[in-house]
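Below is one structure, written out as structure tokens, with a few remarks after it.
The values are calculated or read from the model by the stated rules, or taken from the named source; none is laboratory data. Here the structure is a predicted model, which is why all the values come from computation and not from measurement. As a convention, Cβ positions derive from the backbone with ideal geometry for all residues, glycine included, and neighbour counts pool all protein chains shown.
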Amino acid sequence: MVKRIVAGAHYGLKDWLVQRITAVVMVIYTVLVTAGALRRGPFDYDAWRAFAAQGWMRFATLVFFIAIGYHAWVGMRDIVMDYVKSTGIRLTLHAVVSVLLVGYVGWAVQVLWRL
């Protein structure tokens with residue numbers, strides 16, 4: 001009889017691809033923000049807020065935070081699956097990490113829509 005571990009599985013190519021795509025999204029966002037900041041010159045609080053409050057910038061920032069959340073989830077899940085052998089602890093850590101990451105993305109959405 002094969003012992004089946006409930007606390008996750010390695011998903012291989014899908015997760016490798018997700019890590020790369022989310023990394024590319026984060027690099028593109030970083031380049032856009034850097035280019036926007038350099039093009040506008042010196043920033044004070046009001047200029048930075050006006051830059052961040054634009055519709056395209058809010059959307060890009062939201063996509064960035066979703067990408068960071070997904071990127072972090074895949075990485076943390078793989079680390080937990082590789083190094084935590086106890087099924088109960090592994091499931092608990094997966095739950096804690098997923099709740100924290102969803103909370104962080106939700107917090108980012110709240111901040112973005114307060115601008």
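How do the pairs read when you match residues in the range 82-107 that are of a type outside the set (Val, Ile, Thr) with residues anywhere that are outside any loop (DSSP other than H, G, I, E, B), using Cβ under 6 Å and keeping only pairs 6 or more apart or on different chains?
So the pair list comes out as Arg90/Val80; Leu93/Val80; Leu101/Gly69; Leu101/Ala72; Leu101/Trp73.
Going through Ala50, Ala35, Ala23 one at a time, which residue ends up being in a helix (DSSP H, G or I), hydrophobic (A, V, I, L, M, F, W, C) and either modelled with pLDDT under 85 or over 23 Å from Trp107 (Cβ atoms) (or both)?
The conditions single out Ala35.
Before we move on, is Tyr45 hydroxyl-bearing (Ser, Thr, Tyr), more than 14 Å from Val109 (Cα to Cα) and out of contact with any Ser or Thr (no Cβ under 7 Å at 6 or more places or on another chain)?
yes
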